[in-house]
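Here the structure comes first, spelled out in structure tokens, and everything after it is commentary.
Just so it is clear, none of the values below were taken in a lab; they were calculated from the coordinates. Quick caveat, the model's predicted, so the values are computed rather than measured. With ideal geometry, Cβ positions are generated from the backbone for all residues, glycine too; neighbour counts draw on all protein chains shown.
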Amino acid sequence: MRPENQTQKRQFFKQMRRFFRNHNDMAVKLKYLACLEATLEPDDIPKTTEPVWVLGKRYNAIHDINKIRQDVVSKVWITYRKNFIPIGGNEGLTSDKGWGCMLRCGQMVLAQALVSLHLGRDWLWDPQTADQTYLKILRKFQDSRQAPYSIHQIALMGASLGKAVGQWFGPNTVAQVLKKLVKYDEWSKLTIHVALDNTVVVSDIIELCLTKNKLDGANLTKTDWKPLLLIVPLRLGLTEINPIYISGIQKCFQFKQSLGVIGGKPNVALYFIGCVGKEVIYLDPHHTQKTCTVDDKMTDEQIEADSTYHCKYASRINILRMDPSVAMCFFCKTEADFNEFCQRVKSDLIDPEKEPMFEICYNKPKEWSPTLENAVDAGNASFSDFQGTSGKFFDSDHEFEIL
């Protein structure tokens, strides 16, 4: 019998534990586990008539469950790793377990931006894919000193912002680090803007993204748009999400430009990629895998390495369980995308809300004194400082105004 609710599931697992205590034959146990896997439906997406949103795409949980799972597994999933080359020298850390979850979430957002830019939002992964553009993107996040967006590069760039290797990052810090790193990667053709003080300033983005280039053999110029990853760090409460922001969070996942949310729950960083009702859907970086290389995906080991960058099933939690320190992420490939984004922010997030999550304006107010770009998150403590403690740690951005 397949358990249909949480009570039945608890009873089912009690029966399973009792079975394992009473049977010593390993063959019998393996057969039992195979039957269990075949009968238990994954609890990743609820059976509901409410729409399921994944980075701007709408699905029906009843009719589109396979499409939803294919979309989820196609996202680049980046987790803790172990036994990589030491960070910062021979005595450096060789694993990011316990401290690198927010760094991994930042990698996932950037990887999805590059996939959307170079392969398209509708691109789907399968275990046999050998697409060279996809593999090139993946190699940029491998755990090596040479990869431009590796854990090594992010951790060391974080040190320049006051975060020693091994310290937790908050959403603002990882956004500022990615903004700096992307400038050194010409192939990606991407620019990152971090909106400060809960305000998206349109003129700043236009100045950043619009470039004029001379046409060969003529005095004419053309204007090009540099694809934009927009990150908006926010503080949506003191120690928990203020319920007035639930609607805004839900609407952000419905934007065509949605690239998810860097955030988490207390003590845990997560990458939120969608929502269903009042629950958010996320990818969890808290799985320690061995360091591996994909290269050109020619060997069995490299094929297996590729599979470690894709999560079969997403997870979900109630929006109110999210940590209030978040960073909303959006990808605008073209100027038209950005103009549409601005219109939707006004119509969906500002006009109907008593307390908008963030504002949008064309020019900076004259009296505005924005937070310094290199400001970092609260809590200058290393992972070792918290071992043996109660585990209480709020990875926050104290410089953002509490609304």
Study note, to complete from the structure: Applying the gyration tensor rule to the Cα atoms of the stretch 69-146 (axes a ≥ b ≥ c; rounded if a/c under 1.5, else prolate if a/b exceeds b/c, else oblate), the class is prolate
Review point. Most exposed first by the Cβ proxy, i.e. fewest other Cβ within 10 Å, how do W53, W187, W225 rank?
Key: W187, W225, W53
**Study point:** Local electrostatic count at T288 - Lys and Arg +1, Asp and Glu -1, tallied over other residues with Cβ under 10 Å
**Key:** +3
Check your understanding: Taking neighbour counts of Cβ atoms within 10 Å as a proxy for exposure, in what order, fewest first, do I319, I85, I231 appear?
Key -> I85, I319, I231
Check your understanding: Which shape class, rounded, prolate or oblate, goes with the stretch 51-386 when its Cα gyration tensor gives a ≥ b ≥ c as root eigenvalues, a/c under 1.5 marks rounded, and past that a/b bigger than b/c marks prolate?
Key -> rounded
Practice item. Taking a cut-off of 20 Å between Cα atoms, list the lysines near K212, but don't count ones fewer than 8 places away on the same chain. Key: K183, K189, K222, K226, K333
Point to revise | For N60, net neighbour charge (Lys/Arg +1, Asp/Glu -1) across residues whose Cβ lies under 14 Å away | key: +2
**Study point:** Residue-by-residue Karplus 3J(HN,Hα) for the stretch 138-147, coefficients 6.51, -1.76, 1.60, Hz, glycine and proline x
**Key:** 4, 5, 5, 10, 5, 7, 9, 5, 7, 5
Review point. K47: which lysines have alpha carbons under 29 Å from its alpha carbon, excluding same-chain residues fewer than 8 sequence positions away?
Key: K9, K14, K31, K57, K67, K75, K251, K256, K265, K278, K312
